[in-house]
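Participant: Quick one: structure below, then a few questions.
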Amino acid sequence: MAAPKGPEMSATSDLAAAIDAIADRMASTTDRGRPADYIPELAKVDPNQFGIAVILADGKVICAGDADTPFSIQSISKVFTLSLALGKVGDYLWSRVGQEPSGDPFNSIVQLEADQGVPRNPLINAGAIVVTDVLLEGCEPRETIGGILRFLRGVAEDDAITVDPDVACSEQETGYRNAAMANFMKASGNLVHAPEKTLGVYFHQCAVAMTCRQLAMAGRFLAFDGRLCPDGARIIPASRARRLGALMLTCGHYDGSGAFAYRVGLPGKSGVGGGILAVAPGVASIAVWSPGLNTIGNSKLGTEALHDLTEATGWSIFGA
Ligand code: GLN
């Protein structure tokens, strides 16, 4: 008889066994991709690590591997800042950033120029820099970073989450491409603040360090219609959670979003620290981490683990 799939599986210990098997498989894989090296601090991370954390609707947490090792969340922060910016300014945001998949690398300067300084979507770098610029309005950089951290700590229910200052510094010193894009957007009239001010906040949000367990906790509101669990505290309206999921599915893996949707079938957001946050709507919030990246800049083993997980569980949003 076939193993149970779908929500029934979450009620069984089969899920924990499946997750353990995935972690074992990832531990013994030799072709692990390469950690990002354009941010020198990230190049120092040991690629032989893999963690996974899954949080179910009933609050059950299932972890395996290095699920309690903090890593740099990098671009995964973009989903949380987008969520905050939509709460702050609503649909006004869409006059400054698009909603279409980019089909180009996350740091494409060519595309930004072709789009006349209006980034294709809020999950590529240029778009996320505009989102951060929106969060800065009426606040000092320190307060803005504090607000982002407060939000992350609140949704993760964990006050230990902080910014890694070495990673923030490392990116501040070498982030010339982001500086180029921020300056271009300023010249195009799509950045309110001085480029270095907005970038300072952006680099700090990317340098937040979290574990898979903390990240999966923080992703619950995206998995459960804007609430921490199906009958828990509301963080954002259900309609916003649905729209964030749509953007994660179509744009969350940059020019690898189509392949990720094809292979995994879940809304997800990757970061060059090697983390991926994925949500199975109504069923689970999932975080995976392995520092080695594929050529597009998404975690190689993280993607493979999520593929194996949806194969084992039938959790793809397109059906089992
Ligand atoms: N901080 C990184 C950058 O701006 C984030 C990129 C990513 O995670 N894809 O380049």
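Participant: Provide a single number: the residues in segment 221-234 that are in contact with a helix residue (DSSP H, G or I) (Cβ under 7 Å, 6 or more places away or on another chain) and either within 16 Å of the ligand (Cβ to nearest atom) or of a type in the set (Lys, Arg) (or both).
Facilitator: Residues meeting the conditions: 1.
Participant: If you don't mind, there's one more thing I want to ask. Do you know which residues across segment 113-125 are among the hydrophobic types (A, V, I, L, M, F, W, C) and under 18 Å from residue 75 (Cα atoms)?
Facilitator: Once the filter is applied, which keeps residues that are among the hydrophobic types (A, V, I, L, M, F, W, C) and under 18 Å from residue 75 (Cα atoms), segment 113-125 yields 123, 124.
Participant: What are the residue pairs meeting all of these: first residue in segment 193-204, first residue open to solvent by 10 Å² or more (accessible area, probe 1.4 Å), second residue not in a helix (DSSP H, G or I), Cβ atoms under 6 Å, and 6 or more apart or on different chains?
Facilitator: Filtered contacts from segment 193-204: 204/163.
Participant: For segment 235-254, enumerate the residues that are among the hydrophobic types (A, V, I, L, M, F, W, C) and either open to solvent by 20 Å² or more (accessible area, probe 1.4 Å) or within 16 Å of the ligand (Cβ to nearest atom) (or both).
Facilitator: Result: 235, 238, 246, 247, 248, 249, 251.
Participant: Related question: Does any residue of segment 243-260 turn out to be among the basic types (Lys, Arg) and in contact with a helix residue (DSSP H, G or I) (Cβ under 6 Å, 6 or more places away or on another chain)?
Facilitator: No, the conditions are met nowhere in segment 243-260.
Participant: Here's something else I'd like to know. Return yes or no: is residue 290 touching a residue at least 60 places away in the same chain (Cβ under 8 Å), more than 10 Å from the ligand (Cβ to nearest atom) and either open to solvent by 10 Å² or more (accessible area, probe 1.4 Å) or more than 21 Å from residue 47 (Cα to Cα) (or both)?
Facilitator: no
Participant: Ok, one more. What are the pairs with Cβ atoms under 6 angstrom where one residue, in segment 258-287, is within 16 Å of residue 53 (Cα to Cα) and the other, located anywhere, is assigned to a loop (DSSP other than H, G, I, E, B) and at pLDDT below 95? Sequence gap at least six, or different chains.
Facilitator: No pair meets every condition.
Participant: Output the residues belonging to segment 39-74 that are touching an Asp or Glu at 6+ places or on another chain (Cβ under 9 Å) and of a type in the set (Ser, Thr, Tyr).
Facilitator: Result: 72, single match.
Participant: Within segment 112-133, take every residue that is part of a loop (DSSP other than H, G, I, E, B) and surrounded by fewer than 24 Cβ atoms within 10 Å (Cβ to Cβ) and give me the one that is farthest from the ligand (Cβ to nearest atom).
Facilitator: Out of the qualifying residues, it is 116.
Participant: Follow-up question, since we're still on this one. Scanning segment 153-191 for residues that are in contact with a strand residue (DSSP E or B) (Cβ under 7 Å, 6 or more places away or on another chain) and within 16 Å of the ligand (Cβ to nearest atom), which turns out most open to solvent (accessible area, probe 1.4 Å)?
Facilitator: The extreme case among them is 164.
Participant: Would you please name the residue that is nearest to the chain's Cα centre (by Cα), looking only at residues in segment 78-111 that are of a type in the set (D, E, K, R), surrounded by fewer than 22 Cβ atoms within 10 Å (Cβ to Cβ) and away from the ligand (no atom under 16 Å from the Cβ)?
Facilitator: Across segment 78-111, the extreme among qualifying residues is 100.
Participant: Consider segment 134-152. How many of its residues are of a type outside the set (Lys, Arg), open to solvent by 30 Å² or more (accessible area, probe 1.4 Å) and within 20 Å of the chain's Cα centre (by Cα)?
Facilitator: 2
The values are calculated or read from the model by the stated rules, or taken from the named source; none is laboratory data. Note that this is a predicted model, so its numbers are computed, not measured. Cβ sites come from the backbone with ideal geometry, for glycine too, and all protein chains shown count toward neighbours. The accessibility values were calculated without ligands, DNA or RNA, using every heavy atom of the protein model including side chains. Shrake-Rupley method; radii C 1.70, N 1.55, O 1.52, S 1.80 Å.
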